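Visitor: Mind looking over this structure? Questions follow.
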Amino acid sequence: MNFQIHALPAAPFEALFALADADLAAHGARRVTADAKPGYPCRVSLLDAEPGERLILVNHEHLAAESPFRSRHAVFVREGAEQARPEPGEIPEQLDRRALAVRAFSAAHDMLAAEIAEPGRLAGVMERLLADPAAACLHLHSPARGCYFARAERAR
């Protein structure tokens, strides 16, 4: 497999857990407690929260480029989450068991293509989209809600 999935780093989110609810709201965020599994997918650990775990739901800019495709959306982050570092070709269970929208972007941050990967089919979709030499990276999203999950690139 020629792809590698990248989770969000934990550091930008860690201080949010110490904030009061009013201060969280000023950051476009709120505290939530998982009440089911799956349903609260952490974008740092790439694990679904267990019922009772605390998370922050925050608006995160995942494509900060000066481009018509500049994008931000809601992400969940588990309290104390450590950044997942999947090996090349490895797909975390959180991603593989969900349908995901996979969007291919060029180095200039233009969207080149997009496909829906049904559960268990993510690897094939990523391989196909990364076969285009113009594709610099892929963004994985929830197809229904649009939430950002992770980024993928060609494995080095």
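Visitor: Taking the chain on its own, what percent of its Cα-Cα pair distances exceed 26 Å?
Guide: Details: 2967 of 12090 pairs.
When all Cα pairs of the chain are counted, 25 percent exceed 26 Å.
Visitor: Follow-up. Working out 0.36 nm times the residue gap between Ala131 and Ala108, then minus their Cα-Cα distance, what length gain in nm do you get to one decimal?
Guide: Values: separation 23, 0.36 × 23 = 8.28 nm, distance 1.74 nm.
Length gained between Ala131 and Ala108: 6.5 nm.
Visitor: Would you be so kind as to identify which of Thr33, Ser67, His139 lies farthest towards the positive end of the dipole of the chain, taking Lys and Arg as +1 and Asp and Glu as -1 on Cβ and the Cα centre as origin?
Guide: Farthest along the dipole direction, towards plus: Ser67.
Visitor: Specify the inter-centroid distance of region 13-34 and region 56-86, based on alpha-carbon positions, in whole Å.
Guide: The distance from the Cα centre of region 13-34 to that of region 56-86 comes to 15 Å.
Visitor: Given contacts defined as C-alpha pairs under 8 Å and at least six residues apart, what's the relative contact order of the chain, whole-number percent?
Guide: Working: 346 pairs, mean separation 39.9, N = 156.
Relative contact order of the chain: 26 percent.
Visitor: Does a label point 7 Å from the Cα of Asn59, set along Cα-to-beta-carbon, have any residues of region 1-28 with amide nitrogen under 12 Å, and which are they?
Guide: 25-28
Visitor: Hey, what did region 89-156 get for relative contact order, percent, Cα under 8 Å, at least 6 apart? Don't skip to the answer; put the middle values down first.
Guide: Working: 122 pairs, mean separation 21.4, N = 68.
31 percent.
Visitor: So for each of 118-126, 65-73 I average, over its residues, the number of other beta carbons within 10 Å; can you give me the resulting order with the highest mean first?
Guide: Numbers: 118-126: 17.0, 65-73: 13.3.
Highest-to-lowest ranking by the protection proxy: 118-126, 65-73.
Visitor: Here's another thing I want to ask about it. On full extension of the chain, what length is gained from Glu93 through His27, given 0.36 nm per residue of separation minus the C-alpha to C-alpha distance? Could you put the intermediate results ahead of the total?
Guide: Details: separation 66, 0.36 × 66 = 23.76 nm, distance 2.99 nm.
So the extension gain works out to 20.8 nm.
Visitor: With viscosity set to 0.692 mPa s and temperature to 37 °C, compute the Stokes-Einstein D of region 9-90, Rh being the Kirkwood radius across alpha carbon pairs; µm²/s, no decimals. Intermediate results must be reported in sequence, preceding the final value.
Guide: Values: Rh = 13.5 Å.
Answer from the Stokes-Einstein relation: 243 µm²/s.
Visitor: In addition: When the Debye formula is applied to the Cα atoms of region 56-132, each taken as the same point scatterer, what base-10 log of I(q)/I(0) results at q = 0.11, 0.12, 0.19, 0.23 Å⁻¹?
Guide: Summing over Cα pairs of region 56-132 leads to -0.36, -0.43, -1.08, -1.30.
Visitor: Related question: What does the highest-first list of 42-48, 28-34 look like by mean Cβ count within 10 Å?
Guide: On the way: 42-48: 23.0, 28-34: 15.3.
Descending mean neighbour count gives 42-48, 28-34.
Visitor: Quick one: net charge around His139, please, counting Lys, Arg +1 and Asp, Glu -1 for every other residue with C-beta under 15 Å from its C-beta. The partial results should precede the final answer.
Guide: Details: positive: Arg43, Arg70, Arg72, Arg98, Arg103, Arg145, Arg151, Arg154; negative: Glu61, Asp110, Glu115, Asp132, Glu153.
Within the 15 Å Cβ shell, the charges total +3.
Visitor: For the chain, what is the charge dipole size about the Cα centre, in debye to the nearest 20, if Lys and Arg each add +1 at the Cβ and Asp and Glu each add -1 at the Cβ? Provide the component values of the computation, followed by the final result.
Guide: Working: 18 positive and 21 negative charges, 45 e Å.
That gives a dipole near 220 debye.
Visitor: Starting from the Cα-Cα distance between Arg145 and Asp35, subtract it from 0.36 nm times their residue separation and give me the gain in nm to one decimal. Could the numbers behind the result be given before it?
Guide: Details: separation 110, 0.36 × 110 = 39.60 nm, distance 1.88 nm.
So the extension gain works out to 37.7 nm.
Throughout, read-outs are computed from the coordinates displayed, never taken from laboratory work. Keep in mind that this is a model prediction, so the values were computed, not measured. Reconstructed Cβ throughout: ideal geometry from the backbone, glycine too, with neighbour counts over all protein chains shown.
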